[in-house]
Each structure stands twice: as structure tokens, then as C-alpha cells.
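K.L.:
Sharing a structure below in C-alpha cells format, with a few things to ask.
The values are calculated or read from the model by the stated rules, or taken from the named source; none is laboratory data. Predicted model, so just to flag it, every value in this text is computed and none were measured. Glycine gets a Cβ as well: all are built from the backbone with ideal geometry, and neighbour counts include every protein chain shown. Remember, those area values only see protein heavy atoms, side chains included, never the ligands or the DNA or RNA. Shrake-Rupley method; radii C 1.70, N 1.55, O 1.52, S 1.80 Å.
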Amino acid sequence: ELWISLEEHQDALELIMSKYRKQMLQLLQGRKGEDAEPVLKIHQANSLEIASQIDRMCEMGEVMRKAVQVDDDQFFKVQEKLAQLELENKELRELLSISKESFEVGREDLPD
């Protein structure tokens, strides 16, 4: 769910940035090259910042994915151990039952 949310967030950022770039191009075409220089620098700085934020989000998504995988692995190990213990418990109960039966049969065979 976090991964899907992260991808949706990235898609939204890309959509916003494409609209922003389109508006900036329209604005720059309406102005002279000299007027556009400061706006272009700000746009480049913002683009770099957004790119770094997207990279950080991708890294966080990767970390979350690995954490989920570790949790899943741990869960499966616990489930496997639980299944082994349940099987062992069942076998021990069967042995105990057999032992009780043989003990009771041995008592009945003894003279009073």
C-alpha cells in the first residue's frame, strides 16, 4: 500500500511539474530573453530540489519494501516453527497416550 501510494505521489508530482513547465514556457515566450533569465534559474533550482525529493522518496520506498520483505520472512519463520512445535506436541501426546494405556494394561494384569 505504501509503495502504491508513493507511485501515485510521484505521478502527481510529475503531472504538476509538466503543467508548471508548460506555463513557464508560455510565460517565457511572452517575455524577452533577459527577463526570463531569473525565472529560468529559479525553475532550474526548483527542478533540482524536486528531483532530489523524488530520489529520497524512491529510497524510502525501497527501504519500506525491504522492511516488508524482512517482516514477511520473519512471519514465515515463526509460522514454520509453530507448525513444527504443533506436530511435535501431537506426537508427544500420542506417545503419552500409548504409555498410559500400557501402564493401565500392566496394572490390570497384576494380581490383587
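K.L.:
Rounded to the nearest percent, how much of the accessible area of the chain (1.4 Å probe, protein heavy atoms only) is carbon and sulfur?
P.N.:
57 percent
K.L.:
Along the positive direction of the dipole of the chain (beta-carbon charges: Lys, Arg +1; Asp, Glu -1; about the Cα centre), which of G61, Q74, Q26 reaches farthest?
P.N.:
Q26
K.L.:
Go ahead and collect, in residue order, the members of the range 35-54 whose backbone nitrogen is under 15 Å from a label point 7 Å along the Cα-Cβ direction of I16.
P.N.:
46-54
K.L.:
Also, quick follow-up: Here are a few candidate values for Cα extents along the principal axes in Å: (i) 119, 17, 12; (ii) 46, 41, 23; (iii) 37, 32, 26. Which one was actually calculated from the structure I just gave you?
P.N.:
The value computed from this structure is option (i).
K.L.:
Helix 33-109 against the longest principal axis of the chain: what's the angle in degrees, Cα atoms only, rounded to the nearest 10?
P.N.:
0 degrees
K.L.:
Still on this structure: Hey, got the dipole for the chain? About the Cα centre, +1 on K and R Cβ, -1 on D and E Cβ, debye to the nearest 20?
P.N.:
With Lys and Arg at +1 and Asp and Glu at -1, about 1200 debye.
K.L.:
In addition: Please get the size of the charge dipole for the range 47-112, origin at its Cα centre, with Cβ charges of +1 on Lys and Arg and -1 on Asp and Glu, quoted in debye to the nearest 20.
P.N.:
For this selection, approximately 300 debye.
K.L.:
While we're here: Please determine, in degrees from 0 to 90 and to the nearest 10, the orientation of helix 2-30 with respect to the longest principal axis defined by the Cα atoms of the chain, where the helix direction is its Cα long axis.
P.N.:
Helix 2-30 sits roughly 0 degrees off the main axis of the chain.
K.L.:
To continue, here is another question. Assuming a strict under-24 Å limit between Cα atoms, what lysine pair count do you get for the chain once near-sequence pairs (fewer than 8 apart, same chain) are dropped?
P.N.:
10
K.L.:
Here is a follow-up. State in Å² the accessible area per residue of the chain; use a 1.4 Å probe, count heavy atoms of protein chains only, and round to the nearest integer.
P.N.:
Averaged over the residues of the chain, the accessible area is 89 Å².
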